[in-house]
Amino acid sequence: MRSPATGGTTKHPQAGSEIATPFGLAMTALDEWEYNLFYAPRNNSNKAILDRGEVMKIIEEIKETLRMEIRPNSQEPEYLEAVIDKKDLGLLKSLLKKHLGPAAKKPGKEANLPMEIQKMVDSLGGLRVEQSFFYRQDGNRAIYVALWPWESNPNRITLKSGVRELVSTDL
């Protein structure tokens, strides 16, 4: 068996369908588990660092679960921009909470975000009071989801999701 980091995959008789990896290789579900256990980059607390594969999995789950209009500027697999119906908001929020935790900024509330995250939010266009924002940071990377209800049609919501390198605020 070769390590996924060196360009190989392993076939297991009980494995399911193949999935993409951070290295652009096809991997079965068991291979992904093995990769995450043994080969995934880790931070000082030995927790797997947020990688492309995890981001792609979250985005794919959103796409498979909800009906949406995907915008042409979505740069799959690491970025998704789409429009959803308000009726699907509860389901979307439960997915986001599962993967990213509770909203860092809830509709109707002011945001109090760390400076690195606020800079990222500003680069996305900022947040109005009626918008929501979810994120999970790992080292100098963050996966985010911004939910922007339309003023012109309250039943429509723009979803923007991706991963960003964070700008350090250290002097």
(message) If I model segment 68-165 as equal point scatterers sitting on the Cα atoms and use the Debye formula, what is log10 I(q)/I(0) at q = 0.17, 0.23 Å⁻¹?
(response) -0.74, -1.42
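Got a sec? How would Leu113, Leu96, Leu91 order by Cβ neighbour count within 10 Å, fewest to most? Walk me through the intermediate numbers first.
Values: Leu113 16, Leu96 23, Leu91 13.
Lowest count first: Leu91, Leu113, Leu96.
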(request) Go through segment 55-68 residue by residue and turn each phi into a ³J(HN,Hα) via Karplus (6.51, -1.76, 1.60, θ = phi - 60°); whole Hz please, and just put x for glycine and proline. (result) 4, 4, 5, 5, 5, 5, 5, 4, 5, 6, 8, 10, 7, 7
(request) Using Cα pairs closer than 8 Å and at least 6 residues apart in sequence, work out the relative contact order for segment 68-165, in percent. (result) 30 percent
(message) I want to check the label-to-label distance for Glu165 and Lys97. Put each point 7 Å from Cα in the C-beta direction and report it in nm to one decimal.
(response) 3.5 nm
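Coordinate-derived values only; no laboratory data. Remember, it's a predicted structure, so these values are computed and weren't measured experimentally. Cβ: placed from backbone, ideal geometry, glycine included. Neighbour counts: every protein chain shown.
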